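Each reported figure results from applying straightforward, stated rules to the coordinates on display, with no laboratory input. Since we're looking at a predicted model, the values are computed, not measured. Quick reminder, even Gly has a Cβ in these numbers, built from the backbone with ideal geometry, and neighbours come from all protein chains shown.
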Amino acid sequence: MEAQRTLRRSVSCVGIGLHSGCKVTLSLKPAPTDHGIRFRRTDLNDFELPATVRHLAEFQLATGLARDQVSVETVEHLLAALVSMGVDNVVVELNSPEVPIMDGSAAPFIYLIQEAGLKRQPKPRRYLKIVRPIALSRGEKRIALYPSDHFKVTYSISFDHPLLRHQSRTLTITEESFVEEVAPARTFTFLKDVEMLRQNGLALGGSLENAVVLGETGVLNALRFEDEFVRHKILDAVGDLALVGYPVIGHLVAHRAGHALHTEFASRILEETQAWQLVEMPLEPAAAPIGAPVPLKNPAPPAPKGAVVV
Ligand SMILES: [Zn+2]
């Protein structure tokens with residue numbers, strides 16, 4: 001059976017919170033089988049918050065978790081990197097309420113995970129396999145999951161902006177495709193919204209270093225992909241869907257959705273118990289033995305600023 005995985009060793013980096021603008025240290029640490037992904041606030045007596053929909057909290061423009069009034073915000077890019085690299089069990093330590101924004105993409109987190117290395121653990125991984133369609137819509141925003149043999153995402157967006165009238169992409173999400181096609185895509189914002197965000201005390205750490213900013217007719221900084229915007233929406237959806245607590249096997253189709261709809265949908269999935277089964281997948285050929293390092297399938301992206309291996 002495909003085995004659960006954790007990190008081979010701990011890694012850390014320093015960045016800033018997008019909304020607070022405050023400096024934050026993030027550490028990723030190995031964890032035992034069936035532990036899952038759990039956040040730990042080292043500034044609050046190591047208070048733990050499991051990364052599941054049970055602890056979803058309302059935050060503007062990002063996905064956050066809260067329990068007993070302790071919160072962790074902007075978790076989605078890190079979660080997307082962890083699930084796509086097949087990290088089932090990990091402790092995510094933070095000394096502040098926000099996961100650092102890094103460059104606005106998941107590439108720096110991929111780098112950290114690759115630096116830590118991956119280790120197979122002596123227990124099979126369980127997947128949430130979709131067997132009947134599940135759908136949710138709110139006005140023009142729609143999201144659905146359909147049965148499929150792979151985890152696949154189709155995303156389409158349209159905004160009232162010359163560069164964003166319509167973008168659509170379908171991608172089968174594997175470790176390789178995520179690292180190459182999705183992880184480097186950065187978050188984006190509209191210049192006209194930046195002032196409003198600042199007045200509301202949000203995006204205080206935001207800059208051209210960690211977001212693509214759209215002016216009236218074009219972008220203020222160079223794009224990494226022509227359709228970087230829809231690729232980033234795929235990244236967000238993968239990260240938000242991780243809150244179901246299992247890797248999903250199914251075809252996710254989303255149109256004009258966002259964090260609020262992604263996370264409401266993640267909760268809905270767990271309620272619709274007729275629509276899925278928990279399954280264990282056959283062992284991949286040439287898999288490494290238990291405890292052995294898992295070979296990396298991609299060259300590491302460039303090191304993020306402030307990344308250290310501890
Ligand atoms: Zn995002």
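What does the charge count near Arg268 come to, summing +1 for each Lys or Arg and -1 for each Asp or Glu among other residues with Cβ under 14 Å from its Cβ?
Numbers: positive: Arg54, Arg132, Arg138, Lys141, Arg142; negative: Asp240, Glu264, Glu271, Glu272.
Result for the neighbourhood of Arg268: +1.
Return the sequence-ordered ³J(HN,Hα) values of the stretch 86-92 in whole Hz as given by the Karplus equation 6.51 cos²θ - 1.76 cosθ + 1.60 applied to θ = phi - 60°, using x for Gly and Pro.
x, 8, 8, 10, 7, 9, 10
How high is the relative contact order of the stretch 1-95, given as a whole-number percent (alpha carbon pairs under 8 Å, six or more residues apart)?
Reported relative contact order: 37 percent.
For an R0 of 25 angstrom, estimate the FRET efficiency from the Cβ-Cβ distance between Arg8 and Glu176 and round to the nearest 0.05.
With a Förster radius of 25 Å, E is 0.80.
Pick out, in residue order, every one of the chymotrypsin sites (Phe, Trp or Tyr not before Pro) in the stretch 208-277 that is DSSP loop and has at most 14 other C-beta atoms within 10 Å; say none if there are none.
When the chymotrypsin sites (Phe, Trp or Tyr not before Pro) of the stretch 208-277 are filtered for loop state and at most 14 Cβ neighbours within 10 Å, nothing remains.
Restricting to Cα atoms and excluding each atom paired with itself, what does the Kirkwood estimate give for the stretch 58-210 in Å?
Every distinct Cα pair counted, the radius reaches 18.2 Å.
Assuming R0 = 22 Å, can you tell me the calculated FRET efficiency for the pair Thr33 and Gln274, based on Cβ-Cβ distance, to the nearest 0.05?
0.20
Expressed in nm to one decimal, what extension gain is obtained for the pair Leu191 and Thr217 from 0.36 nm per residue of sequence separation less their Cα-Cα distance?
So the chain would gain 8.3 nm between Leu191 and Thr217.
What are the residues whose amide H is under 5 Å from the amide H of Ala185, where those residues sit 5 or more places off or on another chain and H is modelled from the backbone?
Ala106
Take the Cα gyration tensor of the chain, multiply each eigenvalue by 5, square-root it, and list the three semi-axes largest first, rounded to whole angstrom.
On the way: eigenvalues 154, 111, 73 Å².
Semi-axes from the Cα gyration tensor: 28, 24, 19 Å.
Would you mind pulling out the separation of the Cα centroids of the stretch 1-24 and the stretch 163-180, in Å?
After rounding, the separation between the Cα centres reads 23 Å.
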